[in-house]
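These notes concern the structure reproduced below.
The values are calculated or read from the model by the stated rules, or taken from the named source; none is laboratory data. Small disclaimer: the values here were computed from a predicted structure and weren't measured. Reconstructed Cβ throughout: ideal geometry from the backbone, glycine too, with neighbour counts over all protein chains shown. With ligands, DNA and RNA removed, areas are computed over all heavy atoms of the protein, side chains included. Shrake-Rupley method; radii C 1.70, N 1.55, O 1.52, S 1.80 Å.
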Amino acid sequence: MAYQLEPFDDVPLTPALLNALLAEHARSTLPRLSLAWRYYRNAPERASAPTRAASLAQAAGLPGRLTGRNGAHEREVVIENDIAWRIHTMIEFMFGRPVRLVSGAADPRRARAIERILEAVWEASGGIALLQDLALLAHVYGHVDLVLRADPNAHLAATAGNDPAAAAAVAAEILRIEAVEPTRAVPLLSPDDYRVISAYIIHHRRPAPPTDAPGETPLSRWLRSLRAGPLSSPTPRRREQVVTEILSAAHRQVYHTDMSPGSPGEPRLVIDEPLPFNLGRPPVVHIQNLSQPYAYEGLGEVEPLIPLQDELNTRLSDRAARVTMQSFKMYLAKGIDGFENTPIGPGRLWSTDNPDASIEAFGGDAASPSEDRHIEEIREALDKVSGVPPLATGVVRARVGNLTSENALRITLTGLLSRTARKRVTYGRGLADLCSLILAALDQLGVFPTDPAAGERTVRVEWPDPIPQDERDVLAAARTKLDLGVPRERILAELGYAAADPGVV
């Protein structure tokens, strides 16, 4: 059975176009994204030969003279992953603390109700953990997509009306937010605007469910295992299965393709259903890590660091070889019989009747200023390219000046803070867009009506300050805001308190 894409005629999506998109993704996009993930994760990879030990992923970037790929003797290699901790630091500055979603509704009661509903949906989907996961994917790959899922029976949900508590409970029950890894995402973009997604394809491999022999039942399989004995349990046949999911504004299809050895099977249509809502676009929000002009993909943090990481690992491996050869002394003895079998240690004496006998020591570690300087310059280049100095992780290697601690940190971390502020533009736009889709979907499902003309689907993202602040300064700023007329509930929320908390008056 081939692809049956009649429900997507409005896109239009044809089997030939779908196969071309999947082939292009596998040929050019997937290898580049996989390389970025391998350098970030740096996990041990399978050895190329049975006699070789597994090596770390970043070892692939070392020259052949170190790895033995060119027939040379394999040497000791040193891999220092300077990419992962920088990525983690960026994510901690982005989503180290929860963000706040502020409704643009003019009525304060409606605004609080909308914020409560949005918070319930996000928490049911993972909360701060989901934000950190999507940030990790976007930092490594350059972008990430968020898909709004709904229970297929969502249209049967009871109408919550204008009761915020009931609406929040129903919304958390029927809606989910899913972060899609870019290695599985294949968008069909509009020919008129690269920023518009006409259809969205999720394509990935997974282990196929185990299958039994023809005519075999669970009971017969159990009896066969008893006859075979305890040391010979039946092993179900495991195959790979390709899952292809297609989303449009109004329809969803899922195909399964069993991958037999040597000959892939035909795609089988297993799900063919309309979406519970029609938002006029696929329920997908695209978030770029750093915006890239006239391109769907964003700029990731790993790709520009790969050449510098390879150079750092190469120089560290060279230094390890030098230290190994020069960190201990060697001796050349002349005219002393049996010297090779004599242990060397304090208080040892050698005697000989040979007047020409001698012992010459050589080797030992020696300073290499140019090597140390080169490694230090590579680390500084990694700091400049990523914008993450070691100070961001608490490693203080020099004095930060005579300023107050908070000001000193802000000046020292100017590059990282500026980079974080730039990312908050793209991430904030994506989060706000998804919140608008959530409110529109709940309106269509009859869970909670909202009026877009009144700004009730407008959401603003408020970010916490990534630098620790003095509590006295925070309270003084809150008092100033209160004097200026900022609502008391909003100030309490910024301070981390709720109006219903004990002791809050």
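Take residues that are open to solvent by 60 Å² or more (accessible area, probe 1.4 Å) and over 20 Å from Leu439 (Cβ atoms) and tell me which of the helices (runs of 4 or more DSSP H) falling wholly in segment 79-157 contain 1 or more.
Those helices (runs of 4 or more DSSP H) span 84-95, 128-141.
I need every pair where a residue in segment 321-343 that is under 30 Å from Glu371 (Cα atoms) and touching a residue at least 60 places away in the same chain (Cβ under 8 Å) has its Cβ under 8 Å from the Cβ of a residue that is open to solvent by less than 100 Å² (accessible area, probe 1.4 Å) and not in a helix (DSSP H, G or I), sequence separation at least 6 or different chains.
Filtered contacts from segment 321-343: Ala321/Arg75.
Can you name the residue in segment 382-413 that is surrounded by 12 or more Cβ atoms within 10 Å (Cβ to Cβ) and among the polar types (S, T, N, Q) and, of all such residues, is modelled with the highest pLDDT?
Among residues in segment 382-413 that are surrounded by 12 or more Cβ atoms within 10 Å (Cβ to Cβ) and among the polar types (S, T, N, Q), the one modelled with the highest pLDDT is Ser386.
I want to confirm something. Restricting to segment 233-251 and keeping residues that are surrounded by fewer than 15 Cβ atoms within 10 Å (Cβ to Cβ) and assigned to a strand (DSSP E or B), which single residue is modelled with the lowest pLDDT?
Among residues in segment 233-251 that are surrounded by fewer than 15 Cβ atoms within 10 Å (Cβ to Cβ) and assigned to a strand (DSSP E or B), the one modelled with the lowest pLDDT is Arg237.
Being assigned to a helix (DSSP H, G or I) and in contact with a Gly (Cβ under 6 Å, 6 or more places away or on another chain) is the filter here, so list the residues in segment 286-322 that pass it.
Residue satisfying the conditions is Asp310 alone.
Each row is one residue, and each column tells you yes or no for (1) buried (at least 17 other Cβ atoms within 10 Å of the Cβ); (2) modelled with pLDDT of 95 or more; (3) not in a helix (DSSP H, G or I).
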| position | (1), (2), (3) |
| --- | --- |
| Pro209 | no, no, yes |
| Pro214 | no, no, yes |
| Ser220 | no, no, no |
| Leu226 | no, no, no |
| Gln253 | yes, yes, yes |
| Met259 | no, no, yes |
| Asn278 | no, no, yes |
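Please find, within segment 63-78, the residue that is nearest to Ile467 (Cα to Cα) out of those that are aliphatic (A, V, I, L, M) and open to solvent by 30 Å² or more (accessible area, probe 1.4 Å).
Ranking the candidates gives Val78 first.
Checking Leu439 against (1) of a type in the set (A, V, I, L, M); (2) at pLDDT 80 or above; (3) under 30 Å from Ile411 (Cβ atoms), which test does it fail?
Among (1) of a type in the set (A, V, I, L, M); (2) at pLDDT 80 or above; (3) under 30 Å from Ile411 (Cβ atoms), Leu439 violates only (3).
Here is a check on your reading of the model: is Ala478 surrounded by fewer than 18 Cβ atoms within 10 Å (Cβ to Cβ), in contact with a helix residue (DSSP H, G or I) (Cβ under 6 Å, 6 or more places away or on another chain), modelled with pLDDT under 90 and on the phi < 0 side of the Ramachandran plot?
yes
Ala199: assigned to a loop (DSSP other than H, G, I, E, B) and either modelled with pLDDT under 70 or touching a strand residue (DSSP E or B) at 6+ places or on another chain (Cβ under 8 Å) (or both), yes or no?
Taking the combined requirement at face value, the residue does not satisfy it.
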